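A.B. asks: Have a look at this one.
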Amino acid sequence: MVSAAPTVLLTGACGYIGSHTWVALAQAGYRVLGVDDFSNSSPAVLPRLQKLTGQAPAFEHADVCNAAALETVFSSQRIDAVVHFAALKAVGESTAQPLAYYANNLGGLLTTCRVMQDHGCRRLVFSSSATYFNPVGAHESGLIGEEPRGTPNNLMPYVAQVAAGQRPYLQIFGNDYPTPDGTGVRDYLHVVDLAQGHVAALRHLLDGGDTLTVNLGTGRGSSVLEVVNAYAKASGREIPCRIAPRRPGDVAACWADASRAGEVLGWRAQRGLGEMCGDSWRWQSGRGC
Ligand code: UD1
C-alpha cells in the first residue's frame, strides 16, 4: 500500500517566505494547506502558486489568532505538521506597538500550538525572524517575490526600487563601520534556499528527529556596497547612492553560523549574491509575469 503524502499546514502562506516555502514543500512532495489573513500579503499570489506547483492551492483565509477558525481547519482533515510563518516582523513598528506585536505573535503561536495539541499534531517548524539574517531574492520564475508595502525598510528591496527608477537614490546608512569598506555587513540568504531549509527541518521532524534550533544563513557576510555593486551588475542599471548617518540600532557586521543545519539537516545555502540579485531583479522588473 502506498501511504499518502504528509499534509502540512503552512501559516502565513501567502507572504514572502511563506509563498516560496509553499513551492518548495509542493516540489518535495508534501500536500500543503495554506492559511493567511492577508494582513501583509495578497490573494494575488494564489494563482501564481497554482502556476508554479501545477495544482490548485488548498487555502483557508484565516487568522491564526482565531482559535475557532483554526479548529475548523484541523477538523476538516488530518494535519501531520505545521510550518509557522504567520507573524508581524517590522522592528520599528514592534517598538512603537509592543502590545499589538505580543498579542499577534505570541497569541498566534499559542493558539496554533493549542489547536495542534487538541488534534494530536506534534510536529512544528517555527520560523523565527532571527533578526539580522536577511532573506532576499525571489523565485527564479519571477512569479513570486517580496512585495513591501510603502517605503521598503530593508536594503535589497530598496536597491531594487532604485534600480527600477522608482526611487532616486539609495541612502547608505554609515560608511565608517569597522568593516573592510566601512559599510554594514549582513548574511544575505536567497529566499529559495531559506524555503528549502524549512523543508529540510520538516523532513527531519517527520523522520522522527529530535527538536532542535538551527540557524539558516550562508555563513558569509556581504557589505552594503557589495550588494549595490552586485545589483548594478545583475540589473544593468546604475544605482545612485548617498552616504547618510548610521541607522539607529544597526550593528557593524552580522552573519550566521549555519554549520548545525549542515550537520543535522544536510542543508547548505546553494545560491550566491549574484543569483540573489538576478532573481530579485527578474521579479522587480516584472519579466517573469
Ligand atoms: C532587518 C531587520 C531584521 C530582519 C531583516 C530581514 C531591523 C533593525 N532589522 O535587518 O529584523 O530580520 O531586516 O531582512 O530592521 N541599509 C542601507 N540603506 C537602506 C537600508 C539598509 O544602507 O536603505 C543597510 C543597513 O544599515 C544594514 C544593511 O543595509 O547595514 C542591511 O539592512 P536591512 O536590509 O534593513 O537588514 P537588517 O538591518 O540586517
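The values are calculated or read from the model by the stated rules, or taken from the named source; none is laboratory data. As the structure is a prediction and not an experimental result, all values here were calculated from the model. In this analysis, Cβ positions are derived from the backbone assuming ideal geometry, glycine residues included, and neighbour counts consider all displayed protein chains. Note: accessible area is taken over every heavy atom of the protein model, side chains too, but ligands, DNA and RNA are not part of it. Shrake-Rupley method; radii C 1.70, N 1.55, O 1.52, S 1.80 Å.
A.B. asks: Is it the case that residue 47 is surrounded by fewer than 19 Cβ atoms within 10 Å (Cβ to Cβ) and more than 16 Å from the chain's Cα centre (by Cα)?
C.D. replies: Answer is yes for this residue.
A.B. asks: Out of everything in segment 120-150 that is in contact (Cβ under 8 Å) with a residue 12 or more places away in the chain and open to solvent by 70 Å² or more (accessible area, probe 1.4 Å), what residue ends up being farthest from the ligand (Cβ to nearest atom)?
C.D. replies: Of everything passing the filter in segment 120-150, 123 is farthest from the ligand (Cβ to nearest atom).
A.B. asks: Pick from segment 1-26 the residues that are within 21 Å of residue 280 (Cα to Cα) and of a type in the set (S, T, N, Q): which of them is surrounded by the most Cβ atoms within 10 Å (Cβ to Cβ)?
C.D. replies: 19
A.B. asks: Counting only residues that are within 19 Å of the chain's Cα centre (by Cα), give me the strands (runs of 3 or more DSSP E) lying completely in segment 115-189 with at least 2 of them.
C.D. replies: Correct list: 124-126, 133-136.
A.B. asks: Right, here's the next one. Would you mind finding the one in 156, 116 that is away from the ligand (no atom under 16 Å from the Cβ) and open to solvent by less than 40 Å² (accessible area, probe 1.4 Å)?
C.D. replies: Result: 116 is the single residue among 156, 116 that is away from the ligand (no atom under 16 Å from the Cβ) and open to solvent by less than 40 Å² (accessible area, probe 1.4 Å).
A.B. asks: Test residue 34 against the criterion of being open to solvent by less than 40 Å² (accessible area, probe 1.4 Å) and within 22 Å of the chain's Cα centre (by Cα), and give yes or no.
C.D. replies: Yes.
A.B. asks: Give me the residue from segment 165-183 that is open to solvent by 10 Å² or more (accessible area, probe 1.4 Å) and touching a Gly at 6+ places or on another chain (Cβ under 9 Å) and, out of that set, farthest from the ligand (Cβ to nearest atom).
C.D. replies: Top of the filtered list is 176.
A.B. asks: May I pose another question? Before we move on, is residue 93 charged (D, E, K, R) and either assigned to a loop (DSSP other than H, G, I, E, B) or surrounded by 15 or more Cβ atoms within 10 Å (Cβ to Cβ) (or both)?
C.D. replies: No; evaluated as a whole, the condition is false for this residue.
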